[in-house]
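Have a look at the structure below before the remarks.
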Amino acid sequence: MKRIPVCEVIDQRPVVDKDLPRPSSVFRPLTGDVCHIVLTELRIPSSTMNCGLFEEFRDDWRPIKAHIKVGEADCTVDRGLQAVVLEMRPGEYRDFCVGDGGEGRISGRVFLSYVDKTSRTSWRDDDRLKLTAAARHKDEGNQLYGQGRFADAFHRFNLAVRAVLFVRDPDAVRADRDAMYAVVCNNMAACQLQMSNYEHAHQLSGKVLAVEPDNVKALVRRCRASAELRMFDGALADAVRALEIDPGNVVAERYRDVATRGVNDQNARYGDMVKKMFAA
């Protein structure tokens, strides 16, 4: 399976310099906080790697003021910088090197100047706000998916699922919760299929079907994942069920045929093996 990096922090270390001021407080940023930072000494490759926040500063060597809202990073290098900043206190400097999950590297020095704290009480206690947050993450993920950024889309959908799972009183919002959960898990399965992670796609589709047994998209995605894993009996069953609900579904028809050939081939090989056993 292809690894989906949440972030890649290659190196980070506090800057020890007696001439620099000491950190001004003891608290560190949390999810939802806005961190105001200054970036210096950036070394950004000239490659075509997705540099996220750094992209607009690729050829700029001046100190750069920027801000990060914790939990909103949408590419691997931004999530790496976010992970570095989460370990800092306002007033602290830190040297860092983050990667893009491949060969790309970005390094430099970050200064956390101050943090705008976000109130979490209302979100923690209001299940409707959690579902609203899940919907926002889902929409962001859909945009990233449309750009072909499947790993980044997956992480947005994962944030949506986490918001749904934090609902305190599922029975009070059962219909909306289950609908959001099914949509987001389905989208995550689609991302995994795009990255050829068929086992994860199979598991995620199964989670959708546990909530919505007749969800055609989930049936087709699990069918495709099963076929790629050579689990042809399961693939055929899902394809047949999907076509009962949605006759003429082109993808289901294609994988029904793939699964049928797979089942027939497996049965033929099994029959030949049995004949050889008894012939011996």
Accessible area, probe 1.4 Å, largest first, for residues GLU87, GLU244, GLU103: GLU103, GLU244, GLU87
Label-to-label distance, nm, for residues given as GLN203 and ASP257 (7 Å Cα→Cβ offset): 3.3 nm
Exposure of LYS117 as accessible area (Å², to 10), given a probe of 1.4 Å and all protein chains: 100 Å²
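Any chance you could tell me what percent of the C-alpha pair distances in the range 65-202 go past 27 Å?
Details: 3131 of 9453 pairs.
The calculated P(r) of the range 65-202 puts 33 percent of pairs beyond 27 Å.
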Gyration tensor verdict on the range 115-262 (Cα atoms; rounded if a/c is under 1.5, prolate if a/b is larger than b/c, oblate otherwise): prolate
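Out of the total accessible area of the range 154-221 (probe 1.4 Å, heavy atoms of protein only), what percent is carbon and sulfur? Before the final figure, lay out the partial values.
Values: 1470 of 2940 Å².
Answer for the range 154-221 is 50 percent, counting heavy atoms of protein chains only.
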Amide proton proximity set for CYS75, modelled H, under 5 Å, gap of 5+: none
Kirkwood Rh (inverse of mean 1/r, distinct Cα pairs), the range 160-240, angstrom: 12.8 Å
Efficiency of FRET between LEU165 and GLU103 - r from beta-carbon atoms, R0 35 angstrom, step 0.05: 0.50
Spatial separation of Cα centroids for the range 232-265 and the range 95-109, in angstrom: 45 Å
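How much of the accessible area of the range 224-268, probe 1.4 Å, is carbon plus sulfur, in whole percent? Write down the numbers at each step before the final one.
Values: 1220 of 2480 Å².
For the range 224-268, the apolar C and S fraction of the accessible surface comes to 49 percent.
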Residue-normalised accessible area of the range 103-205, expressed per residue, 1.4 Å probe, Å²: 48 Å²
Estimated inter-spin distance, ARG43 and VAL211, nm [label 7 Å along Cα→Cβ]: 4.6 nm
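The values are calculated or read from the model by the stated rules, or taken from the named source; none is laboratory data. Quick caveat, the model's predicted, so the values are computed rather than measured. Using ideal geometry, Cβ is built from the backbone for each residue, glycine included, and neighbour counts are taken over all protein chains shown. Keep in mind that these areas ignore ligands, DNA and RNA; they rest on the heavy atoms of the full protein, side chains included. Shrake-Rupley method; radii C 1.70, N 1.55, O 1.52, S 1.80 Å.
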